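Working notes, structure below.
The values are calculated or read from the model by the stated rules, or taken from the named source; none is laboratory data. Fair warning: this is a prediction, and the values are worked out from it, not measured in the lab. Ideal geometry is used to build each Cβ from the backbone, glycine not excepted, and the neighbour counts take in all protein chains shown.
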Amino acid sequence: MPELRQDPFTRDWVAITPGREDRPRPMTRPVATPRRSAGPDPACPFCPGREDDTPPEIWRLPAPAGRAGADWAVRVVPNRYPVLAAGDHPARHHTTGLHTWADGIGSHEVVIESPAHGWDIADGDDTAVADVLRTYRTRTLALRERGPGLVLPFRNHGAAAGTSLPHPHSQIVATPIVPLRFRHLFDVARAHYDDTGRCLYVDHTAAELADGRRIVATTEHVIALAPYASRAPYEVWLVPRRHQASFADASDEALDETAALLRRVLAALRDLLGDISYNYALISAPNGEEATAYFAWHLQIAPRLAEPAGFELGTGMAVNPVPPEHAAARLRDVLTARPAPAPPLQQARHRPAGRQP
Ligand code: UDP
Ligand code: ZN
């Protein structure tokens, strides 16, 4: 059973997960950049034809009627090597002397984004990307009922981002604790709300739009921007224009526009920098705090172009050699040369609902 331990010096949480070492990636040698083959890979546990080899499926989005090949478009399965075991969140922590720990129970799911082994968000169509985000929304709505904590959808792409499997997938972890970083984000946002009566994230989006230098692209409901204090070179956030604390409560319109922006930004990053490694994480308010007036969800995309070194370890400060204004200008140039496709997204909303066990 995984265990969550609280660092007595920082009060931050660490997951101790001995079972993760068994996953098919030797932790002692670097992983090669995944090979993107066109057809199914007989060795791949997420390719069509091997559905019975994964633990029992949690959820699926059926393939559109009449499409040849697999009968699913997106599958969600339990992670075979979970960071947290599945179950209702434990009610209390244990303390012995200076040590505080909690049972490592929550959830760790894999979202198999497409039956196609060589598919990628950056060159998927907007409807298929929206299917992936719709899956995050559906699963977050279900997982946040398990108790206090956090639900985090995220994606690793490329060797430097920690990918161990090339088949297109993301992951959703539900933790029974709220990590220190979220406590801090909440404290800062609450202080702004106390001072001004407004949401920091909405104020920030409006100010960035007025300034314009760090804006990458905009849609009616969502904006892509390079954050003022970007920790990573070419870091991009997707943020809603209007207040919404949890992505699980996002409207279909906001979700579809987020999908289209995500695809375009990832394609622009690839055009600019090649098939780089990146992580993204979809940050929402902790479970039970979805109605808060002072927080907004945001999708944070962090290219992994450099390894953190001793300075970062010692200070916790990031060193970013690419000014966000420069990153935004270059991404804007690429996006202008690569216009958004028409017509807009419609199809996904008319799909049959996913199956819930
Ligand atoms: N995995 C799985 N079933 C398998 C093989 C792998 O659930 O048969 C999981 C594995 O534990 C890992 C995920 O698939 O968490 C692949 O994730 P990714 O490549 O993004 O990086 P990782 O989580 O390994 O850092
Ligand atoms: Zn595959």
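Can you find, within region 114-129, the residue that is surrounded by the most Cβ atoms within 10 Å (Cβ to Cβ) among those that are of a type outside the set (D, E, K, R) and not in a loop (DSSP other than H, G, I, E, B)? Lay out the reasoning, then the answer.
Kept after step one, since they are of a type outside the set (D, E, K, R), are these residues of region 114-129: 114-119, 121-122, 124, 127-129.
In the following step, the residues that additionally are not in a loop (DSSP other than H, G, I, E, B) were identified as 121-122, 127-129.
On the way: Ile121: 22, Ala122: 18, Thr127: 18, Ala128: 20, Val129: 26.
Across region 114-129, the extreme among qualifying residues is Val129.
Taking the criterion of being modelled with pLDDT of 90 or more, within 21 Å of Glu113 (Cβ to Cβ) and not in a strand (DSSP E or B), would at least one residue in region 22-38 satisfy it? Explain how you work it out, then say what you get.
Our first condition is that a residue be modelled with pLDDT of 90 or more; within region 22-38, this holds for none.
No, region 22-38 contains no residue that is modelled with pLDDT of 90 or more, within 21 Å of Glu113 (Cβ to Cβ) and not in a strand (DSSP E or B).
Of the residues Ile177, Ile223, which is without any contact (Cβ under 8 Å) to a residue 40 or more places away in the chain and either at negative phi or of a type in the set (Val, Ile, Thr) (or both)? Outline the logic, then answer.
Working: Ile177 fails: without any contact (Cβ under 8 Å) to a residue 40 or more places away in the chain.
Testing whether each residue is without any contact (Cβ under 8 Å) to a residue 40 or more places away in the chain and either at negative phi or of a type in the set (Val, Ile, Thr) (or both) leaves just Ile223.
For region 83-92, indicate whether the set of residues that are modelled with pLDDT of 95 or more, surrounded by 15 or more Cβ atoms within 10 Å (Cβ to Cβ) and within 16 Å of ligand 2 (Cβ to nearest atom) is non-empty. Step through it out loud before you land on a result.
So in region 83-92, the residues modelled with pLDDT of 95 or more come out as 83-84.
Add one more test, that the residue is surrounded by 15 or more Cβ atoms within 10 Å (Cβ to Cβ), and what stays is 83-84.
Add one more test, that the residue is within 16 Å of ligand 2 (Cβ to nearest atom), and what stays is none.
No, every residue in region 83-92 fails to be modelled with pLDDT of 95 or more, surrounded by 15 or more Cβ atoms within 10 Å (Cβ to Cβ) and within 16 Å of ligand 2 (Cβ to nearest atom).
List the number of the failed condition for Val132; all other conditions in (1) assigned to a helix (DSSP H, G or I); (2) away from ligand 1 (no atom under 16 Å from the Cβ); (3) out of contact with any Phe, Trp or Tyr (no Cβ under 9 Å at 6 or more places or on another chain) hold.
Status for Val132: all satisfied but (2).
Just to verify a result, which residue in region 44-62, among those that are farther than 11 Å from Val77 by Cα and more than 16 Å from ligand 2 (Cβ to nearest atom), is nearest to the chain's Cα centre (by Cα)?
Leu61
Can you tell me which of His192, His184, His204 is farther than 30 Å from Pro62 by Cβ, in contact with a Leu (Cβ under 8 Å, 6 or more places away or on another chain), in a helix (DSSP H, G or I) and more than 16 Å from ligand 2 (Cβ to nearest atom)? If you could, list the steps in order and put the result at the bottom.
Numbers: His184 fails: in contact with a Leu (Cβ under 8 Å, 6 or more places away or on another chain); His204 fails: in contact with a Leu (Cβ under 8 Å, 6 or more places away or on another chain).
After applying the criteria, what remains is His192.
Please enumerate the residues belonging to region 138-161 that are more than 16 Å from ligand 2 (Cβ to nearest atom), surrounded by fewer than 21 Cβ atoms within 10 Å (Cβ to Cβ) and either over 26 Å from Val334 (Cβ atoms) or at pLDDT 95 or above (or both).
Thr138, Leu141, Ala142, Glu145, Arg146, Gly147, Pro148, Leu152, Phe154
Which residue is nearest to Thr135 (Cα to Cα), if the candidates are limited to region 71-100 and must be β-branched (Val, Ile, Thr) and in contact with a His (Cβ under 8 Å, 6 or more places away or on another chain)? Spell out the reasoning first.
Here is the first cut: in region 71-100, the ones β-branched (Val, Ile, Thr) are 74, 76-77, 83, 95-96, 100.
If we keep only those that are in contact with a His (Cβ under 8 Å, 6 or more places away or on another chain) as well, we get 83, 100.
On the way: Val83: 20, Thr100: 34 Å.
Only one residue fits best here, namely Val83.
Taking into account only those residues within region 93-113 that are closer than 14 Å to Leu4 by Cα and outside any strand (DSSP E or B), which is modelled with the highest pLDDT?
Looking at residues that are closer than 14 Å to Leu4 by Cα and outside any strand (DSSP E or B), I get Gly104.
Would you say Ser251 is surrounded by fewer than 23 Cβ atoms within 10 Å (Cβ to Cβ), of a type in the set (Ser, Thr, Tyr) and in contact with a Leu (Cβ under 9 Å, 6 or more places away or on another chain)? Show your work before the answer.
Working: surrounded by fewer than 23 Cβ atoms within 10 Å (Cβ to Cβ): yes; of a type in the set (Ser, Thr, Tyr): yes; in contact with a Leu (Cβ under 9 Å, 6 or more places away or on another chain): no.
Considered against the rule, which asks whether it is surrounded by fewer than 23 Cβ atoms within 10 Å (Cβ to Cβ), of a type in the set (Ser, Thr, Tyr) and in contact with a Leu (Cβ under 9 Å, 6 or more places away or on another chain), Ser251 comes out as no.
Could we say that Pro166 is surrounded by fewer than 18 Cβ atoms within 10 Å (Cβ to Cβ), assigned to a loop (DSSP other than H, G, I, E, B) and not polar (S, T, N, Q) here?
Numbers: surrounded by fewer than 18 Cβ atoms within 10 Å (Cβ to Cβ): no; assigned to a loop (DSSP other than H, G, I, E, B): yes; not polar (S, T, N, Q): yes.
For Pro166, the condition - surrounded by fewer than 18 Cβ atoms within 10 Å (Cβ to Cβ), assigned to a loop (DSSP other than H, G, I, E, B) and not polar (S, T, N, Q) - is not met.
With respect to Asp123, determine if the residue is of a type outside the set (Ser, Thr, Tyr) and more than 16 Å from ligand 2 (Cβ to nearest atom). If you could, list the steps in order and put the result at the bottom.
Details: of a type outside the set (Ser, Thr, Tyr): yes; more than 16 Å from ligand 2 (Cβ to nearest atom): yes.
The answer is yes for Asp123.
Identify all residues within region 48-84 that are within 13 Å of ligand 1 (Cβ to nearest atom) and not in a loop (DSSP other than H, G, I, E, B); write none if there are none.
Glu51, Asp52, Asp53, Arg75, Val76, Val77, Pro78
Which residue pairs have Cβ atoms closer than 8 Å, lie 6 or more positions apart in sequence or on different chains, and pair a first residue in region 145-166 that is touching a residue at least 40 places away in the same chain (Cβ under 8 Å) with a second residue that is in a strand (DSSP E or B) and within 7 Å of ligand 1 (Cβ to nearest atom)?
These pairs meet every condition: Pro153/Gln171; Phe154/Gln171; Arg155/His169; Arg155/Gln171; Asn156/Gln171; Gly162/Asn156; Thr163/Asn156.
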